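Taken together, the values in this text are just the output of simple stated rules run on the coordinates, not laboratory data. All figures in this text were calculated on a predicted structure; none of them were measured in a lab. Counting neighbours? That spans all protein chains shown, and the Cβs are built from the backbone with ideal geometry, glycine included.
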Amino acid sequence: MMNEIDNIKKCVELIETKLNWSKDKTILRNDFESLRASIIAVSGIEVSVETLQRVFGKKRTYKNIYNPQLQTKDALSIFLGYLSWDDFKRSINAADSKDEAGIIPDHKHVNQELNSASAQTTKIGQNTRKFQIGDILHKSKFRMILLTFVAMGALLVILIWLFRKPSETVFVLDAKPDSGYPPNSVDFTYQIGRKIKDSVFMYFDDYNLTKYLPTNSNTIRNSFLIPNYTMVMVKAGGKVLATKGILTKSIYWDVLAHSGDHFTIPMHDTLGILYISPGDYSKNRATLSTDLWGVYQYFTDFNADGDNLTLETRIINNENMGGISCYDTEIELVCENDFAKIIFLEPKCESYAKVYFGEKKLNGAYTDLSAFGQNLSDWSDVKVEIRNKKARILFNRKFIYQCNYDESLGKLKGMRFRFKGFGAVDFVKVSDTSGKIIYYNDFGGPAEISSLINK
């Protein structure tokens, strides 16, 4: 009888054989991701890549053999064609002890039993009888019937596994490629489980786009034309089934307008600032609006931890440059899980201020954010320090606010500046907690905004 650790070893050995994973083969994370998808598709049970790596001895644990939770062992057993972990153990242990319980005696052994039985008598009360040939044959026939039932049961399990469709699972989503430059055409592959009765839709965050996912297909394509980090969400009956982030990278800083206009920025590079003037906008696109927002953004793989970084920048937004009303000025860090955003306005407009860090979303209408009512008519330095999900904000080198949050932002994917009207950015600098610079751009040199205002 094997113990639990022996059973786990045997299970791992059978899966390696099934996948043709030889001992000298290098097993990569991609291999475990493929195995995870297959296990989920067959069993309908969620298993993480990290758990699989521990089970197969590719990730260190405090014990030599990792003993996962029962749900994981059930998933592995079902993947191998068994009904459960208990069913797997029963089958494996039965196979090991077949010499004791499952082999029909050979003819020589039967004859020996017959001779011995014929020579002996057993007394029960007043009655005495001899063992007959039929007693032994009856015993052998019982064993044969038992073996037949076991074989039929095993065959049934194998047939169930062979004809079990991946659609038994709840939902599986993948995207290739998950990053690229515009136009970024992405193929989404999906599997809708038979347990899902509601219609399934794919929602594209920031694009105001919804697509229906038919059950008779497993692929859908979408093109991403503007640099952004888009969170794609799959829902059925109001329940989120899966999410996937798609990164459309910037070649350079992009300029967008609130109306949806989009064009690149060849303007004012020699002035050393990131800026588009009202005249440039009218010349390139359309007439000015009293509710126009200028947006400057840049998206790429920064390889920076959004929960541990420092952003430094210099901004300006005033009437001469094309600013409007409260001169709203937003600074946003877009990360793979969520985003961080702060909004400055001129004094007396603080009710429109906002501070967002992950799940912590503060609104000036309900929270005192008067620290974000600042004079933006001249160049102002802003510094955002984030350390282990604790954010500190400085304005012109003075501390003004701090905020803690719980849910990780994830890796940094993009930066966005948004001005009511047309503000400007002098430089952008991102560094890690050690001070190492991750990204820096001064847009051509020192700011010379006076020449722009007076031209």
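Here is how the numbers come out for the structure above:
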{"item": "For K413, residues with placed amide H under 5 Å, excluding near neighbours", "result": "V334, C335, E336"}
{"item": "Projected label distance in nm at T243 and K195, using a 7 Å step from Cα toward the beta-carbon", "result": "2.1"}
{"item": "Under 5 Å, built H, 5+ apart or other chain: amide partners of G323", "result": "N318, F422"}
{"item": "Estimated FRET transfer efficiency when R0 is 25 angstrom, pair N93-S38 (beta carbons, to 0.05)", "result": "0.45"}
{"item": "Amide proton proximity set for D328, modelled H, under 5 Å, gap of 5+", "result": "K420"}
{"item": "Ranked list, fewest to most other Cβ atoms within 10 Å of each Cβ, for S277, S77", "result": "S277, S77"}
{"item": "Paramagnetic reach from Y252 in segment 216-246 [backbone N under 18 Å; point 7 Å along Cα→Cβ]", "result": "226-228"}
{"item": "In order through segment 6-17: 3J(HN,Hα) via Karplus (6.51 cos²θ - 1.76 cosθ + 1.60), integer Hz, x for Gly, Pro", "result": "4, 4, 5, 4, 5, 4, 4, 4, 5, 5, 4, 5"}
{"item": "Inter-label distance, nm, simple model (7 Å from Cα along the C-beta direction), Q69/D378", "result": "5.9"}
{"item": "In sequence order, calculated HN-Hα J values of segment 326-343 (Karplus, 6.51, -1.76, 1.60; Hz; x Gly/Pro)", "result": "6, 6, 3, 9, 10, 10, 10, 10, 9, 10, 5, 9, 7, 9, 10, 8, 10, 10"}
{"item": "Potential extension, E13-D368 segment - 0.36 nm per residue separation minus Cα distance", "result": "121.7 nm"}
{"item": "Integer Hz, Karplus 6.51/-1.76/1.60 couplings in order for segment 21-34, x for Gly and Pro", "result": "8, 6, 5, 8, 7, 7, 8, 9, 4, 4, 5, 6, 5, 5"}
{"item": "Counted charge near K361, where neighbours are those whose Cβ lies closer than 11 Å (Asp, Glu -1; Lys, Arg +1)", "result": "+1"}
{"item": "Net charge of Cβ neighbours under 12 Å - reference R397; Lys, Arg +1; Asp, Glu -1", "result": "+1"}
{"item": "Above-threshold pairs, the threshold being 21 Å between Cα atoms, out of K341/K398; K348/K389; K25/K58; K235/K341; K383/K411", "result": "K348/K389; K235/K341"}
{"item": "Stretchable slack from I438 to M152, in nm (0.36 nm times residue separation minus alpha-carbon distance)", "result": "96.6 nm"}
